[in-house]
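The structure under discussion appears below in the form of structure tokens.
Values quoted throughout were computed directly from the atomic coordinates according to the rules given, and no laboratory measurement underlies them. All values reported here derive from a predicted model rather than from experimental measurement. Note that each Cβ is placed from the backbone with ideal geometry, even for glycine, and that neighbours are counted across all protein chains shown.
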Amino acid sequence: MLLRALVLFAAVARSGDGVPIDYTVEGRGEPALVFVHCWNCDRHFWDAQLRAFHKSHQVVAIDLAGHGQSGTGRKDWTIEAFGDDVKAVVDKLGLKRVILVGSSMGGPVALEAARKLGDRVVGSRRRRPSRSTNCSRK
């Protein structure tokens, strides 16, 4: 049996305060699905969702500042600043129609990003983490 590997394109955008924001992108199709992780996680929290949706949508997973491979040189660690991280990636990719998906802290971040992105956001969804959700990397 042949297994198809999910090949992701990794790139960096600059947030409004200049912090580098790493992200991965795969697939095609609108609206794009933009995934925002919870506190103390990174974009790999969403790997299963990227595999599930990349055939029908462009999927994007972001490392918020201070998480994963993104930069840490930020002065103000606020939901507004994290919303700028999401906006920077959406802007760099030139996405016109997006659905924002956030888990736990990623929910308020997605809402802040939606406020900044305006009518480019056609939907949002907050995922409530289960008790078994584990974001630790070993």
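The criterion of being touching a residue at least 60 places away in the same chain (Cβ under 8 Å) and within 12 Å of the chain's Cα centre (by Cα) holds for Ala110. Restricted to region 19-28, and to residues there that are part of a strand (DSSP E or B) and of a type in the set (D, E, K, R), the residue that is nearest to Gly123 (Cα to Cα) is Glu26. If you go through region 71-88 one residue at a time, do you hit one that is touching a residue at least 40 places away in the same chain (Cβ under 8 Å), in contact with a strand residue (DSSP E or B) (Cβ under 7 Å, 6 or more places away or on another chain) and among the hydroxyl-bearing types (Ser, Thr, Tyr)? For region 71-88, residues touching a residue at least 40 places away in the same chain (Cβ under 8 Å), in contact with a strand residue (DSSP E or B) (Cβ under 7 Å, 6 or more places away or on another chain) and among the hydroxyl-bearing types (Ser, Thr, Tyr): absent. From the list His67, His54, the one residue that fits, being closer than 16 Å to Ala13 by Cβ, out of contact with any His (no Cβ under 6 Å at 6 or more places or on another chain) and either in contact (Cβ under 8 Å) with a residue 24 or more places away in the chain or of a type outside the set (S, T, N, Q) (or both), is His67.
Answer yes if at least one residue in region 63-74 is buried (at least 19 other Cβ atoms within 10 Å of the Cβ), of a type in the set (S, T, N, Q) and under 17 Å from Ser124 (Cβ atoms), and no otherwise. Looking for residues that are buried (at least 19 other Cβ atoms within 10 Å of the Cβ), of a type in the set (S, T, N, Q) and under 17 Å from Ser124 (Cβ atoms), one finds none in region 63-74, hence no.
Among the residues of region 26-56, those that are of a type in the set (A, V, I, L, M, F, W, C) and surrounded by fewer than 22 Cβ atoms within 10 Å (Cβ to Cβ) comprise Cys38, Trp39, Ala48, Ala52, Phe53.
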